[in-house]
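The values are calculated or read from the model by the stated rules, or taken from the named source; none is laboratory data. Note that the structure is predicted; figures quoted are calculated from it, not measured. Cβ placement follows ideal geometry from the backbone for every residue including glycine, while neighbour counts extend to all protein chains displayed.
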Amino acid sequence: MRNVSINQLDDTPRKVVALGTDYSHGHLLPFHTHRRAQLLYGATGVMQVRTSDGNWVVPPQRAVWIPPGVAHEVLMLGVSTRSLYIEPGAVDLGQRCQVISVSPLMRHLLMEAVAAPLMYDRVGRDGALFDLLLHELTRSEVLPLHIPMPAEGKLLSLCQTFLNKPNAHQSPQYWAEQIHISLRTFNRLFRQQTGLSFRQWRQQACVVLALARLAEGEAVTRIALDFGYESPAAFSTMFRRVLGQAPSVWLEAAK
């Protein structure tokens with residue numbers, strides 16, 4: 001099904017239903033929840049997902065898992081989506097959102113799924129297609145495209161300020177001074193609140209934010225300089241350390 005409201009599908013007596021939707025550039029889906037889990041795949045464009053746990057950037061040809069009942073908003077940047085809405089308990093990828101890889105097989109299955117009738121034959125070809133989709137989903141690789149955020153307070157404010165203007169040279173000592181605590185206390189608090197060291201978080205935030213801009217066609221040089229890196233090579237080295245590939249290789253794989 002394409003461009004149909006999820007409310008029309010939610011009570012369908014099938015454990016998985018598929019929906020394709022095209023969004024204009026810059027369309028914002030405000031905070032909302034689904035009774036079912038959602039696999040949100042962007043065939044084109046970039047999605048930016050936000051929950052109380054943090055931010056995710058979903059490059060083209062990747063997907064984000066959204067557990068049932070999790071409030072989320074999504075900014076669509078030229079996106080054509082293919083979504084699966086999955087009954088709770090049919091498959092479980094965890095209680096937090098996560099960006100996942102999409103295999104070539106899974107990509108073709110998603111395209112076929114949105115062409116299936118709403119009341120597809122559960123024991124026929126379409127039923128087998130959706131069963132195979134769930135198997136492929138459990139095999140997907142989780143990608144480090146999440147920026148975890150502190151729950152509240154001054155540390156949350158500092159993280160939000162950084163996301164608005166990333167600076168690769170900001171040090172944990174500088175942040176500790178901003179909230180008037182020792183460096184040792186800051187390092188312990190930051191890991192408790194985000195699950196990452198400050199250095200890991202800073203690098204991951206820069207990579208995730210850069211991916212959205214790269215997918216929009218911005219040059220690596222411009223992004224590297226905006227983020228405070230001394231050269232595109234220095235930025236690419238950091239990018240490769242986090243994702244295992246250079247920016248150019250990552251984007252080529254998404255085409």
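Picking from residues in region 131-147 that are more than 17 Å from the chain's Cα centre (by Cα) and touching a residue at least 60 places away in the same chain (Cβ under 8 Å), the one that is surrounded by the most Cβ atoms within 10 Å (Cβ to Cβ) is 133. Candidates in region 13-41 are the residues that are in contact with a strand residue (DSSP E or B) (Cβ under 6 Å, 6 or more places away or on another chain) and part of a loop (DSSP other than H, G, I, E, B); of these, the one that is nearest to residue 82 (Cα to Cα) is 23.
A count restricted to region 161-173 and to residues that are over 15 Å from residue 54 (Cα atoms) and either modelled with pLDDT of 95 or more or surrounded by 12 or more Cβ atoms within 10 Å (Cβ to Cβ) (or both) stands at 7. With the structure loaded, tell me whether residue 78 is surrounded by fewer than 21 Cβ atoms within 10 Å (Cβ to Cβ) and either in the same structural domain as residue 162 (by TED's automatic domain parsing) or assigned to a strand (DSSP E or B) (or both) or whether it fails that test. Yes: the conditions hold for residue 78. Within region 203-226, the set of residues being surrounded by fewer than 22 Cβ atoms within 10 Å (Cβ to Cβ) and closer than 21 Å to residue 174 by Cβ comprises 203, 204, 209, 225, 226. Considered as a group, the residues in region 94-130 that are closer than 25 Å to residue 28 by Cα, part of a loop (DSSP other than H, G, I, E, B) and of a type in the set (A, V, I, L, M, F, W, C) include one that is farthest from the chain's Cα centre (by Cα), and that residue is 114. Selection over region 50-74 of residues that are more than 15 Å from residue 93 (Cα to Cα) and at pLDDT 95 or above gives a count of 4.
If we scan region 167-178, do we find a residue that is closer than 26 Å to residue 241 by Cα, small (Gly, Ala, Ser) and part of a loop (DSSP other than H, G, I, E, B)? Yes: region 167-178 contains one or more residues that are closer than 26 Å to residue 241 by Cα, small (Gly, Ala, Ser) and part of a loop (DSSP other than H, G, I, E, B).
Give region 36-49 a look and list any residue that's modelled with pLDDT of 90 or more and small (Gly, Ala, Ser), or say none.
Across region 36-49, the qualifying residues are 37, 42.
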